[in-house]
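Undergrad: Input: one structure, supplied below.
Read-outs: derived from the displayed coordinates by stated rules, not from any lab. Everything numeric here is computed off the predicted structure, so don't read it as measured data. No Cβ is skipped: glycine too gets one built from the backbone with ideal geometry, and neighbour counts run over all protein chains shown.
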Amino acid sequence: MSRETLETLNLSTLIGFTSKRGNAWHYREELQGSQSNHYDGAIPVADVTHRLFNFTAEARPVYVAMPADLLTADALDDAGNPIRYVRINDRQAITHSATGDVFNLFTSGYTIHQFGKWLIDTVSPLLSDTITIGSAGVLRQGAVAWVSVEAPENQVTREGVEFRANLLAATSHDGSMATTYKMVATNVVCDNTMSAALRERGPQYKVKHSRHSTMRLQDARDALGLLEITTDNFAAEVQALCQQTVTNAQWSAFLTATTPIPSTPGRAQTLAVTKQDTLRRLWNDDPRVSPWAGTSFGVLQAVNTYTHHEQTVRGAGRAERNMLRAVTGGVDELDRTTLATLDRVLAA
């Protein structure tokens, strides 16, 4: 990872409760700037506002350069030819108020969801001494942001799985996602995001960027449920998976089922062999996975950890990719697919 990417993560994300979960994997003291982005306890709302959400998205008109003569021209193009600018009335550009960067072009019906209003103001009524902000960040040069609301204390199942249940609120200015509020679980030992309901899509509430978009907090509460309920349900699912034995033969069969190796030599075969070898290493030797080897939870943890920390990332940074997967449903799909494949192997 480049220094620039690491510097962005150290300056554009805030990580709370490090006394409970340790420093983030991207922490670099020399890149912290004048103030650390790590907090022993909860992140103050004011810090999220002035350190991260200190700009707004602004709508700007869109113009197209058209050929013109000397009488009708109002500018020259790069080649020195006369042009005139024609406004496109049903289009708008959404821009960064501080940098002027254009996030994207939209129809006139697109409505901006400002980070402060949709990620701070709407979750503030949920905050208390026991429900606080645990992490927040801005990615893609201000196009995407999230806030995680969670309880201060880690939860530990009887099987030694330490996790944090949290409400993840996220939105975008580039059209990459609707404003989304959903329950997820963070596995502390590996800093992985997991589905709050491992065998089904976790509860979530979405608001489109439309002209009539509104946020009704009670609707979100009803759709999401309570952190306490999520904590209990997740712990029960983990317990059941830890009690389900996976033999060495079944583990090998799962690897074949989830990552079949093509018979023809080539890039696809090499990639499949490499993935299987990496999964075996995690299963046998990695402390994020090996304590649960021989169980269904160990299989889930191996695939989840591989996808979060080992799999090649193209076209985005790893932190950005992981956060977007958590919000858009990729995490839910990954965990459901893993367990569905494992169920078929165990039933064979």
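Undergrad: Can you give me the angle between helix 248-258 and the longest principal axis of the chain, using Cα atoms only, in degrees from 0 to 90, rounded to the nearest 10?
TA: Relative to the chain, helix 248-258 is tipped by roughly 20 degrees.
Undergrad: Given a Förster distance of 30 angstrom, what is the FRET efficiency for Val102 paired with Asp285, based on the Cβ-Cβ distance and rounded to 0.05?
TA: The value I calculate is 0.05.
Undergrad: Counting helices only, and only those DSSP H runs with n ≥ 4, report the 222 nm mean residue ellipticity of the chain as the sum of -39,500 (n - 2.57) divided by its residues, in deg cm²/dmol to the nearest 500.
TA: Calculated at 222 nm, the ellipticity per residue is -9500 deg cm²/dmol.
Undergrad: Just to confirm a number: summing +1 for Lys and Arg and -1 for Asp and Glu over residues other than Val102 whose beta-carbon lies under 13 angstrom from that of Val102, what do you get?
TA: 0
Undergrad: Along the principal axes of its C-alpha atoms, what lengths does the range 119-174 span, in descending order and rounded to whole Å?
TA: Here the Cα extents, ordered largest to smallest, are 43, 24, 10 Å.
Undergrad: Same structure again: Please compute the modelled spin-label separation between Asp74 and Glu7, points set 7 Å along Cα→Cβ, answer in nm with one decimal.
TA: Simple spin-label model gives 3.9 nm for this pair.
Undergrad: Using the beta-carbon distance between Gln239 and Arg87 and R0 = 51 Å, what value does 1/(1 + (r/R0)^6) give for FRET efficiency, to the nearest 0.05?
TA: Here the calculated transfer efficiency is 0.25.
Undergrad: Separate question: Give the cross-link partners of Lys182 among the lysines, using a straight C-alpha distance below 23 Å as the criterion and excluding same-chain residues fewer than 8 apart.
TA: Leaving aside lysines fewer than 8 places away in the same chain, those within reach of Lys182 are Lys20, Lys117, Lys206, Lys208.
Undergrad: If I compute Cα extents along the principal axes in Å from the structure I just sent, which labelled value in [x] 82, 58, 43; [y] 88, 57, 39; [z] 61, 49, 38 lines up?
TA: Identified label for the calculated read-out: [x].
Undergrad: If you line up the long axis of helix 3-12 against the longest principal axis of the chain, both from Cα atoms, how many degrees apart are they, to the nearest 10?
TA: 90 degrees
Undergrad: Give me the one-decimal nm value for the distance between modelled label points at Ala46 and His212, 7 Å along each residue's Cα-to-Cβ direction.
TA: Inter-label distance under the simple model: 4.1 nm.
Undergrad: Another question, then. Relative to the first principal axis of the alpha-carbon coordinates of the chain, what is the inclination of helix 318-328, with its axis defined by its Cα atoms, in degrees from 0 to 90 and to the nearest 10?
TA: Long axis of 318-328 versus the principal axis of the chain: about 90 degrees.
Undergrad: Which whole-number percent gives the relative contact order of the range 86-182, counting Cα pairs below 8 Å spaced six or more residues apart?
TA: Across the range 86-182, relative contact order equals 22 percent.
Undergrad: Can you work out the FRET efficiency for the pair Thr264 and Asp232, with r the C-beta to C-beta distance and R0 = 56 Å, to the nearest 0.05?
TA: According to the calculation, E is roughly 0.70.
Undergrad: Let me ask another. With an 8 Å Cα cut-off and a minimum separation of 6 or more residues, compute the relative contact order for the chain in percent.
TA: 12 percent
Undergrad: Would you kindly state the longest site-free stretch of the chain, with sites defined as trypsin sites (Lys or Arg not before Pro) in a DSSP loop (not H, G, I, E, B) surrounded by at most 10 other Cβ atoms within 10 Å?
TA: Free of exposed loop sites, the longest segment is 1-157.
Undergrad: To the nearest 20 Debye, how big is the dipole of the chain about its Cα centre, given +1 on the beta carbon of each Lys and Arg and -1 on that of each Asp and Glu?
TA: Taking the Cα centre of the chain as origin, the dipole is about 640 debye.
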